[in-house]
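The values are calculated or read from the model by the stated rules, or taken from the named source; none is laboratory data. As the structure is a computational prediction, the values presented were derived from the model and not from experiment. For neighbour counting, all protein chains shown are included, and Cβ atoms are generated from backbone atoms with ideal geometry for every residue, glycine included. Areas reflect the complete protein model, heavy atoms only, side chains present, ligands, DNA and RNA absent. Shrake-Rupley method; radii C 1.70, N 1.55, O 1.52, S 1.80 Å.
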Amino acid sequence: DQKSICDAGLAIEKKSKDGFYDRFRKRIIFPIFNVTGKIIGFGGRAIDAETMPKYLNSPETPVFQKGSHLYGLNFAKRAVGPEKRMIVVEGYMDVLSLYQHGFQNVVASLGTSLTKQQVELLKRYASEILIAYDADAAGQAATLRGLDLFRDAGCSLRIIQFPEGQDPDEFILKNGTQAFTEKIQQAPSLIDYKIMLAKKQNDLTTAEGKIQFVKTVTKIIQQLKSSVEKDAYIQKIAQESQISVEAIRAEVDGNAHSMHQNEKKPIFFDVKYRSKSDRH
């Protein structure tokens, strides 16, 4: 009936209350499945330039919460291979395009920043995650927001990088399967990606740029649990910044000591004496 159609998010009641209209008018419809293959929602892509937004998902319903599902996981879970590798993109067009080019181990985060629930869902089926978000600023920001969730979940994570202005769909259509495979092979680890961004944001030809770069990167290195990894990155950063290994190691140790002190710092509350009359 009409109420069920509205509750499912397929139709919207008119403001005049005298009827309904199609939420997904002028759009190509993509069914969204849960991990067991049941349809729980829909996605729609505009077929003309005037219809906005370009992509539109079903609203939240009792069976569809965007942050708890991944588009295409019902298919991709069977294609992770012996290396248990999963590619994560932003939209369903990226999933379909990569799938058509032979990459069936691909899912989409349904246009939202990755959530803890999605990360835990991925972890059930894959041990290595490849993030393949758009190369624009918004895509980069979305990538950064999800990175630490993977780190906290103990996942192996790498970041596929595309030329500025391209998304996975555009890249593979223009360059083909082999070029995308090479992008996978070149994908840096989480920490290398963060260091690369810090390097882009600071001018290493100036003393001020080098100092800020090292200060940013030492906070990243400090989060590593392995002493061997820490030492390797300290030497790498020393070489890139031309600042001594000893100075960088001291900065890393200083950050660690500061964090440890903050964890142990007692909390004091400013409690003022109140008379009995003030207490009521």
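Couple of notes before you dig in:
- Building the convex hull from the alpha-carbon atoms of the chain and averaging its projection over directions returns 24.9 nm².
- Residues R124 and R78, FRET efficiency given R0 of 22 Å [Cβ-Cβ distance, rounded to 0.05]: 0.95
- Structural size metrics of the stretch 58-141, computed from C-alpha coordinates, are Rg and Dmax of 12.4, 36 Å.
- Net charge over other residues, Cβ less than 13 angstrom from the Cβ of K66 (K, R count +1; D, E count -1): -2
- Restricting the stretch 198-252 to trypsin sites (Lys or Arg not before Pro) in coil, as DSSP defines it, with at most 13 other Cβ within 10 Å: K225
- Our coupling estimate for the stretch 12-19, obtained by passing each phi through the Karplus curve with A = 6.51, B = -1.76, C = 1.60 and θ = phi - 60°, is 10, 6, 5, 4, 6, 6, 10, x Hz, Gly and Pro reported as x.
- Charge sum, other residues only, whose C-beta stays under 12 Å from N105's C-beta, Lys/Arg counted +1 and Asp/Glu -1: +2
- Based on Cα contacts under 8 Å between residues 6+ apart, the chain shows a relative contact order of 10 percent.
- Counting only DSSP H runs of at least 4 residues, each contributing -39500 (n - 2.57), and dividing by the residue count of the chain, the helix-based mean residue ellipticity at 222 nm comes to -14000 deg cm²/dmol.
- GluC sites (Glu not before Pro) restricted to the stretch 7-66 and DSSP loop, no more than 14 other C-beta within 10 Å: E50, E60
- Apportionment of accessible area to carbon and sulfur, the stretch 56-148, percent (1.4 Å): 53 percent
- Within the chain, longest stretch clear of exposed chymotrypsin sites (Phe, Trp or Tyr not before Pro) (DSSP loop, no more than 10 other Cβ within 10 Å): 1-267
- Gyration tensor verdict on the stretch 1-78 (Cα atoms; rounded if a/c is under 1.5, prolate if a/b is larger than b/c, oblate otherwise): oblate
- Of all DSSP-defined beta bridges confined to the chain, some 60% are antiparallel rather than parallel.
- Kirkwood-Stokes translational diffusion coefficient of the stretch 1-134, alpha-carbon pairs, 10 °C, 1.306 mPa s, µm²/s: 101 µm²/s
- Shape descriptor for the stretch 101-222: Rg over Rh equals 0.99 (Cα atoms; Rh from the Kirkwood inverse mean 1/r).
- Rounded to the nearest Hz, the phi-derived 3J(HN,Hα) couplings of the stretch 59-67 under the Karplus curve 6.51 cos²θ - 1.76 cosθ + 1.60 (θ = phi - 60°) are x, 5, 9, x, 9, 10, 10, 3, x, where x marks glycine and proline.
- Around I87: net Lys/Arg minus Asp/Glu count, Cβ-Cβ under 11 Å: +1
- Working note: Karplus 6.51/-1.76/1.60 with θ = phi - 60° gives the stretch 44-53 the couplings x, 10, 4, 9, 9, 6, 7, 6, 10, x Hz, where Gly and Pro are set to x.
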